[in-house]
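Colleague: Just passing along the structure, written as structure tokens.
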Amino acid sequence: MPVAGTQLTHPGVYCLRTNEMNWDEASLWKTYIMLTDLEAVFRSLKSELGLRPIYHHKEDRAEGHVFITVLAYQAVQALRRKLKTQDINESWATLREIFSVQQRVTATSKQRNGRTLHVRKTTVAEPKLQRLYDALDLTASPVGVRKLVN
């Protein structure tokens, strides 16, 4: 419960409490920021990948669920570490937003001979997204254009 007058006397001040008596302020703050980031990534994984708590009745299913969640988190962190080497320090929320703009689209048309042509192609990466691809040494369209005639 906040002490009366705290907002007036110390606006915007954080008060962090720990049982780690050997940590200095910088270590405590770094750990706090790391934990808030970890929570944000897990919140994202739970909602977007459907990894929210599921009540398993068998131990091996629960272990599989935890394994996939930790594996997804490790993939996120590997991506962010590689981007950091290129001075890209965006939050996971920002990276998700940037990555979400690119799409694969399919155009379908009837040909004169009665067959149907399907052309599937990746949209052009926007500049922010292209910067991420370049930093990760990835191509914006790894599968190129695909054509299918039925």
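The values are calculated or read from the model by the stated rules, or taken from the named source; none is laboratory data. Since the model is a prediction, treat every value here as computed from it, not as a measurement. Glycine gets a Cβ as well: all are built from the backbone with ideal geometry, and neighbour counts include every protein chain shown.
Colleague: For residues in the range 57-74 being under 15 Å from Arg43 (Cα atoms) and among the aliphatic types (A, V, I, L, M), which is surrounded by the fewest Cβ atoms within 10 Å (Cβ to Cβ)?
Modeller: Residue satisfying both the conditions and the ranking: Leu71.
Colleague: Is it fair to say Ile98 is touching a residue at least 24 places away in the same chain (Cβ under 8 Å), in contact with a helix residue (DSSP H, G or I) (Cβ under 6 Å, 6 or more places away or on another chain) and assigned to a helix (DSSP H, G or I)? Break it down into steps so the answer makes sense when it comes.
Modeller: Values: touching a residue at least 24 places away in the same chain (Cβ under 8 Å): yes; in contact with a helix residue (DSSP H, G or I) (Cβ under 6 Å, 6 or more places away or on another chain): yes; assigned to a helix (DSSP H, G or I): yes.
Taking the combined requirement at face value, the residue satisfies it.
Colleague: Further question on the same structure: Being part of a helix (DSSP H, G or I) and in contact with a Leu (Cβ under 8 Å, 6 or more places away or on another chain) is the filter here; which residues of the range 102-148 pass it? Steps first, answer last, please.
Modeller: Quick first cut of the range 102-148, residues part of a helix (DSSP H, G or I) only: 127-136.
Correct list: Leu132, Ala135, Leu136.
Colleague: Condition test on Ala62, is it in contact with a helix residue (DSSP H, G or I) (Cβ under 9 Å, 6 or more places away or on another chain), at pLDDT below 85 and either outside any helix (DSSP H, G or I) or not assigned by TED's automatic domain parsing to the domain that holds Ala125 (or both)?
Modeller: Values: in contact with a helix residue (DSSP H, G or I) (Cβ under 9 Å, 6 or more places away or on another chain): no; at pLDDT below 85: yes; either outside any helix (DSSP H, G or I) or not assigned by TED's automatic domain parsing to the domain that holds Ala125 (or both): yes.
No, not satisfied.
Colleague: Now for a separate question. How many of the residues making up the range 35-59 are part of a loop (DSSP other than H, G, I, E, B) and either of a type outside the set (Phe, Trp, Tyr) or modelled with pLDDT of 70 or more (or both)?
Modeller: Total meeting the criteria: 9.
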